[in-house]
Amino acid sequence: MPAEIYAPFEKFNFSNTKCFLTGDALQSEEEKIQVFPQWLMSLYNLEDQPFKLLDESIATYKDLKIPCSARVNDEFLEPLENEIAEAFSKGYEGVKALDELKLFQWTSKLLYGIIFNEIQSGIKMMHAQGEEFNISQAIIHKFSHLHLMLQSVNLPIQFEEFKPYSLFLFKVDNKPEEFGYRDEINTQTFALRIKDFGFVMCLQDNSANFGYHHKIYSQVKEDTLHPIQFEEFSGRVFYSNYLFNRLPEYNILPVGEDIYIEDMPLRGISSKPLFDEWQNKTYGQVLENFWKNWGFLLLEIIKNPEKPVSYLFDEAGNKISADTIALPR
């Protein structure tokens, strides 16, 4: 008999009485785990750092928790955390050697944990105003598929000859104490830059962004990047995932005790390209945000609207070496 998939978005249950991953009833509302794992918060003293939610309220990193049964945590999530922590402790080489699916599961759990907190916060805010909490069907579609695929942690879920994500991993010349984190929950895009590495992941695009950026990635993926170069590449990916105009669909096929997930063709019945048209001005606005550490303004970035400023490639299209960049790390 196939394992049973938990679908919290069907009844929209985001209380603290059920395990976020399985829907199992909890012993108490105190049965919770941290969204950002303790080992990561301790490494970068994040516990009391501010974390801004979409409704403009401010939490701290340690405030972000999700209801989770002790059994699920002990059997599935703790072993995953331990494996990720061990890989991260070895830096770039450790992460490179890690099973990509494990990194996808870990990133999905973290991003879904933030989504869970955002939804709870939104429900409380709307109820306080005497209104029902509303969320678009497209967003529910994305979030429910993310939760489905996250259950590959605890259920025998097999991805049928496809990757539900795009992953870009780099070696980066970071400051030892730097914690570079960024997410965009609507497009489900995630970036983390710590130790001597950085990675960007699009969690629900069926590798479309990997194809979109494949040429550039293949040119620079073996290089050690200056942080501004990593942030530039991240900006490109965050923007392209915003331009990605498909909602991936899947067939779910129980076979024996396993559950197979098969992707439907992204092109579907639409004749539109997978990505909307790239606009350099909008990309420049994204880059201005990603380059805040270096104080760049939009007008500087798009001084030449046809060729926004780049620290990855010069005007002739040649790669720029990180050690020739005269900016602070």
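So ILE119 passes all but one of these: (1) under 22 Å from PRO37 (Cβ atoms); (2) modelled with pLDDT of 95 or more. Which condition number does it fail?
Condition not satisfied by ILE119: (2).
Within region 219-236, is there a residue that is within 11 Å of LEU167 (Cβ to Cβ), open to solvent by less than 10 Å² (accessible area, probe 1.4 Å), at pLDDT 95 or above and not in a strand (DSSP E or B)?
No, because not a single residue in region 219-236 is within 11 Å of LEU167 (Cβ to Cβ), open to solvent by less than 10 Å² (accessible area, probe 1.4 Å), at pLDDT 95 or above and not in a strand (DSSP E or B).
Go through region 19-56 residue by residue and tally those that are farther than 26 Å from GLU184 by Cα, open to solvent by 50 Å² or more (accessible area, probe 1.4 Å) and of a type outside the set (Ser, Thr, Tyr).
Restricting attention to region 19-56, the residues satisfying the condition of being farther than 26 Å from GLU184 by Cα are 24-31.
If we keep only those that are open to solvent by 50 Å² or more (accessible area, probe 1.4 Å) as well, we get 24-25, 27-30.
With the extra rule that they be of a type outside the set (Ser, Thr, Tyr), the set shrinks to 24-25, 27, 29-30.
So the answer is 5.
Filter region 57-82 down to residues that are within 20 Å of TYR44 (Cα to Cα) and touching a Lys or Arg at 6+ places or on another chain (Cβ under 6 Å) and give me whichever is surrounded by the most Cβ atoms within 10 Å (Cβ to Cβ).
My answer is LYS65.
Evaluate region 242-252: report whether one residue or more is assigned to a helix (DSSP H, G or I) and either without any contact (Cβ under 8 Å) to a residue 40 or more places away in the chain or surrounded by fewer than 16 Cβ atoms within 10 Å (Cβ to Cβ) (or both). Lay out the reasoning, then the answer.
Just the residues of region 242-252 that are assigned to a helix (DSSP H, G or I), to begin with: 242-243.
Checking which are either without any contact (Cβ under 8 Å) to a residue 40 or more places away in the chain or surrounded by fewer than 16 Cβ atoms within 10 Å (Cβ to Cβ) (or both) leaves us with 243.
Checked against the condition, which is being assigned to a helix (DSSP H, G or I) and either without any contact (Cβ under 8 Å) to a residue 40 or more places away in the chain or surrounded by fewer than 16 Cβ atoms within 10 Å (Cβ to Cβ) (or both), region 242-252 yields at least one hit.
For region 187-201, indicate whether the set of residues that are among the charged types (D, E, K, R), open to solvent by 20 Å² or more (accessible area, probe 1.4 Å) and assigned to a loop (DSSP other than H, G, I, E, B) is non-empty. Talk me through it step by step, then tell me what you get.
Looking only at region 187-201, we keep the residues that are among the charged types (D, E, K, R), and these are 193, 195-196.
Cutting the leftovers down to open to solvent by 20 Å² or more (accessible area, probe 1.4 Å) gives us 195-196.
Those still in the list that are assigned to a loop (DSSP other than H, G, I, E, B) too: 195-196.
Yes, because at least one residue in region 187-201 is among the charged types (D, E, K, R), open to solvent by 20 Å² or more (accessible area, probe 1.4 Å) and assigned to a loop (DSSP other than H, G, I, E, B).
Confirm whether PHE168 is outside any loop (DSSP other than H, G, I, E, B) and over 30 Å from ALA97 (Cβ atoms). Before you say what the answer is, go through the steps one by one.
Working: outside any loop (DSSP other than H, G, I, E, B): yes; over 30 Å from ALA97 (Cβ atoms): no.
For PHE168, the condition - outside any loop (DSSP other than H, G, I, E, B) and over 30 Å from ALA97 (Cβ atoms) - is not met.
How many residues are open to solvent by 40 Å² or more (accessible area, probe 1.4 Å) and closer than 16 Å to GLY180 by Cβ when one looks only at region 295-329?
Looking only at that region, the number is 4.
Filter region 267-319 for residues that are assigned to a loop (DSSP other than H, G, I, E, B), of a type in the set (Val, Ile, Thr) and touching a Lys or Arg at 6+ places or on another chain (Cβ under 9 Å) and give the result.
Pass one, region 267-319, residues assigned to a loop (DSSP other than H, G, I, E, B): 267-274, 276-279, 291, 295-297, 302-312, 314-318.
Applying the additional criterion that residues be of a type in the set (Val, Ile, Thr) yields 269, 302, 309.
Listed by number, the residues that qualify are ILE302, VAL309.
Regarding region 156-167, can at least one residue be identified that is more than 30 Å from LYS221 (Cα to Cα) and either small (Gly, Ala, Ser) or surrounded by fewer than 17 Cβ atoms within 10 Å (Cβ to Cβ) (or both)?
Within region 156-167 (the criterion being more than 30 Å from LYS221 (Cα to Cα) and either small (Gly, Ala, Ser) or surrounded by fewer than 17 Cβ atoms within 10 Å (Cβ to Cβ) (or both)), the answer is yes, since at least one residue qualifies.
On the basis of being modelled with pLDDT of 95 or more, open to solvent by 50 Å² or more (accessible area, probe 1.4 Å) and basic (Lys, Arg), does LYS272 make the cut? Outline the logic, then answer.
Working: modelled with pLDDT of 95 or more: no; open to solvent by 50 Å² or more (accessible area, probe 1.4 Å): yes; basic (Lys, Arg): yes.
No.
Does ILE114 satisfy the criteria of being within 24 Å of TYR165 (Cα to Cα), of a type in the set (A, V, I, L, M, F, W, C) and out of contact with any helix residue (DSSP H, G or I) (no Cβ under 8 Å at 6 or more places or on another chain)?
Numbers: within 24 Å of TYR165 (Cα to Cα): yes; of a type in the set (A, V, I, L, M, F, W, C): yes; out of contact with any helix residue (DSSP H, G or I) (no Cβ under 8 Å at 6 or more places or on another chain): yes.
So ILE114 fits the description; yes.
The values are calculated or read from the model by the stated rules, or taken from the named source; none is laboratory data. All values derive from a computational prediction rather than experimental measurement. Cβ: placed from backbone, ideal geometry, glycine included. Neighbour counts: every protein chain shown. When the accessible area is computed, the model is the full protein with side chains, heavy atoms only, and any ligands, DNA or RNA have been set aside. Shrake-Rupley method; radii C 1.70, N 1.55, O 1.52, S 1.80 Å.
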